[in-house]
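Colleague: Quick one: the structure is below, questions incoming.
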Amino acid sequence: MAAVGSAVGLGNIWRFPYEAGQNGGGAFLLIYLLCVLVMGIPTLLAEMTLGRMAKTNSVEAFRRVSKHPVFSRIGYLGVLSCLLILGFYTVVAGWTFQYMWESVSGGIVGGTTEQFAQSFVDFSTSPFQPLFWTLLMLVFTHLIIIGGVQKGIERASKLMMPLLFVLLVVLCVNSLMLDGAREGLLFLFKPDFSAIDSGVVLSAMGQAFFSLSLGAGVMITYASYFEKEVNMPRTATTVALLDTSVALLAGIVIFPAVFTFGIQPTQGPNLVFVTLPNIFAQLPWGSVWSFIFFLLLALASITSLISLHQVVTAYVEEEFRVSNRKAALIVTCAAGVLTVFASLSLGVLNDLRVGGMCLFDLLDFVTAKIMMPVGSLLLCVFMGWRLEKSALLNELTNYGTLRWRWAKVFVVVLKYVVPILVTLIFVNELGVFKF
Ligand code: TRP
């Protein structure tokens, strides 16, 4: 449940619909599903295998399993990625809190599309309001983390994830009754093969990695808490299946509404924060729908935030031999500083730019487009080429007690398929070479 909680987040509900909207709907979905199947599940399984084999934080895991001077340091990249992702992800998560509050306090009801768009810009660029919500989100995450792995994370995940599913299904039913339901569903599920180009393929691959929380040590850390009986191939498949279902449900909630109210599916990142309040306002009981939706988004982001936080906390705790509370506090403070600057970088500090990007965009860019693909690539190369094949297969099959008929295919995918495909994304996204 916690692994599902990490995977399911803003990536599914906010990023997936807008990426699908910008990349041709059905065509994007088709390639995305292929990416999850061909690269996502194998990489997820590779992280889990390493985590349970090493039974320690993601930095130490590589060190313990590899004696190689380069491979033993791969873990640092993941911990750093998580800290940097925390820096901007918490900001977006804070916005969901704000919108939840505004739904009931009357801040979002009424107004035109332009007014909603403007109020989003005003809010996200103002100095204090978003900081308040962002830091509140961080405090929440901190409190769950210091509850410990089982009491805190498990309890929170077990409560929040099923609730999320129920809420999504309720919203789906609502959307399916809208006039534009047919058009919305056709857009999402009917692939227009002529729309498939290299950009669509690469966006879909990037989305698959982000959505499954890969390449940053999350699944290594979580799998270090697995029992030795856990069936990892099945667990990895389940996580991927649930994560994909949530993305699909989110699509089914959003696209019918988008077509009903004549909104462009190609809106981009502000689709959720600008368009949905507009849609909700036109629905009967709009503020209730709006509240439910943003509550959902907030829950989804908290369980992802927990995973990001726990990777860094587990590292600090075990590496520097400090208590869980102290480690969590250090991480919260570090993330807090980053978050404050990331949030302010959209407003008062917007002129402070590196490579043309403000801090918020820079954190997003550096993690999603550089560090995560490199992290996944190194992981797969390590697991496929460096690790003894027998050690890999033993861990994977619980020392032969489990039969998994894809094991051989899995090894080939780790050695060749993932490294080659990830290299393509990486090279393309950096713009070194455009396919
Ligand atoms: N997968 C989450 C989402 O879809 C985000 C996330 C959580 C993440 N932990 C991560 C992304 C680690 C990359 C790496 O919203």
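Colleague: Take region 174-199 and flag every residue that is of a type in the set (S, T, N, Q) and surrounded by 12 or more Cβ atoms within 10 Å (Cβ to Cβ). Before you say what the answer is, go through the steps one by one.
Modeller: Within region 174-199, the subset of a type in the set (S, T, N, Q) is 174-175, 194, 198.
Those that are of a type in the set (S, T, N, Q) and surrounded by 12 or more Cβ atoms within 10 Å (Cβ to Cβ): Asn174, Ser175.
Colleague: Are any residues in region 110-151 farther than 23 Å from Trp289 by Cβ and outside any helix (DSSP H, G or I), and if so, which ones?
Modeller: Ser126, Pro127, Gly147, Gly148
Colleague: Scan region 281-295 and give yes if some residue there is of a type outside the set (S, T, N, Q) and closer than 20 Å to Leu138 by Cα, otherwise no. Spell out the reasoning first.
Modeller: First, the residues of region 281-295 that are of a type outside the set (S, T, N, Q): 281, 283-286, 288-289, 291-295.
After this cut, where a residue has to be closer than 20 Å to Leu138 by Cα as well, the list is 294-295.
Within region 281-295 (the criterion being of a type outside the set (S, T, N, Q) and closer than 20 Å to Leu138 by Cα), the answer is yes, since at least one residue qualifies.
Colleague: Please verify whether region 101-121 includes one or more residues that are under 21 Å from Gly5 (Cβ atoms) and surrounded by 23 or more Cβ atoms within 10 Å (Cβ to Cβ). Write out each step before concluding.
Modeller: Here is the first cut: in region 101-121, the residues under 21 Å from Gly5 (Cβ atoms) are none.
No, region 101-121 contains no residue that is under 21 Å from Gly5 (Cβ atoms) and surrounded by 23 or more Cβ atoms within 10 Å (Cβ to Cβ).
Colleague: Can you confirm whether Ala156 is within 22 Å of the chain's Cα centre (by Cα), assigned to a helix (DSSP H, G or I), modelled with pLDDT under 90 and of a type in the set (Gly, Ala, Ser)?
Modeller: Details: within 22 Å of the chain's Cα centre (by Cα): yes; assigned to a helix (DSSP H, G or I): yes; modelled with pLDDT under 90: yes; of a type in the set (Gly, Ala, Ser): yes.
When the stated conditions are applied, Ala156 passes them.
Colleague: Still on this structure, I have one more. Scan region 370-381 and give yes if some residue there is closer than 30 Å to Gly336 by Cβ, at pLDDT 90 or above and of a type in the set (A, V, I, L, M), otherwise no.
Modeller: Scanning region 370-381 turns up at least one residue that is closer than 30 Å to Gly336 by Cβ, at pLDDT 90 or above and of a type in the set (A, V, I, L, M).
Colleague: Every residue in region 34-44 that is away from the ligand (no atom under 16 Å from the Cβ) and among the hydrophobic types (A, V, I, L, M, F, W, C), please.
Modeller: In the first step, residues of region 34-44 are kept if they are away from the ligand (no atom under 16 Å from the Cβ); the result is 34, 37-38, 42.
Leu34, Leu37, Val38, listed by residue number.
Colleague: In addition: Can you go through Phe16, Phe62, Phe28 and tell me which one is within 15 Å of Thr244 (Cα to Cα), away from the ligand (no atom under 11 Å from the Cβ), crowded, with 24+ Cβ neighbours inside 10 Å and modelled with pLDDT of 90 or more?
Modeller: Values: Phe16 fails: away from the ligand (no atom under 11 Å from the Cβ); Phe62 fails: within 15 Å of Thr244 (Cα to Cα).
Selected residue: Phe28, the only one of Phe16, Phe62, Phe28 that is within 15 Å of Thr244 (Cα to Cα), away from the ligand (no atom under 11 Å from the Cβ), crowded, with 24+ Cβ neighbours inside 10 Å and modelled with pLDDT of 90 or more.
Colleague: If I ask for residues that are closer than 23 Å to Phe280 by Cβ and surrounded by 20 or more Cβ atoms within 10 Å (Cβ to Cβ), which ones from region 153-173 would you list? Outline the logic, then answer.
Modeller: The first filter runs over region 153-173 and keeps only residues closer than 23 Å to Phe280 by Cβ, leaving 160, 163-173.
Those that are closer than 23 Å to Phe280 by Cβ and surrounded by 20 or more Cβ atoms within 10 Å (Cβ to Cβ): Met160, Leu164, Leu168, Leu171.
Colleague: For region 1-12, enumerate the residues that are part of a helix (DSSP H, G or I) and more than 8 Å from the ligand (Cβ to nearest atom). Give the derivation first.
Modeller: Within region 1-12, the first condition is being part of a helix (DSSP H, G or I), and the residues that meet it are 2-7, 10-12.
Correct list: Ala2, Ala3, Val4, Gly5.
Colleague: Applying the selection to region 330-357, what residues are farther than 22 Å from Val79 by Cβ and assigned to a helix (DSSP H, G or I)? Please lay out each step first, then the result.
Modeller: Start the filter on region 330-357 by keeping residues that are farther than 22 Å from Val79 by Cβ, which leaves 343-353, 355-357.
Within region 330-357, Ser343, Leu344 qualify.
For (1) assigned to a loop (DSSP other than H, G, I, E, B); (2) under 13 Å from the mean Cα position of the chain (by Cα); (3) at pLDDT 90 or above, each residue gets a yes or a no:
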| site | (1), (2), (3) |
| --- | --- |
| Pro191 | yes, no, yes |
| Ser194 | no, no, no |
| Gly206 | no, yes, no |
| Glu229 | yes, no, yes |
| Thr238 | no, no, yes |
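The values are calculated or read from the model by the stated rules, or taken from the named source; none is laboratory data. Predicted model, so just to flag it, every value in this text is computed and none were measured. Cβ sites come from the backbone with ideal geometry, for glycine too, and all protein chains shown count toward neighbours.
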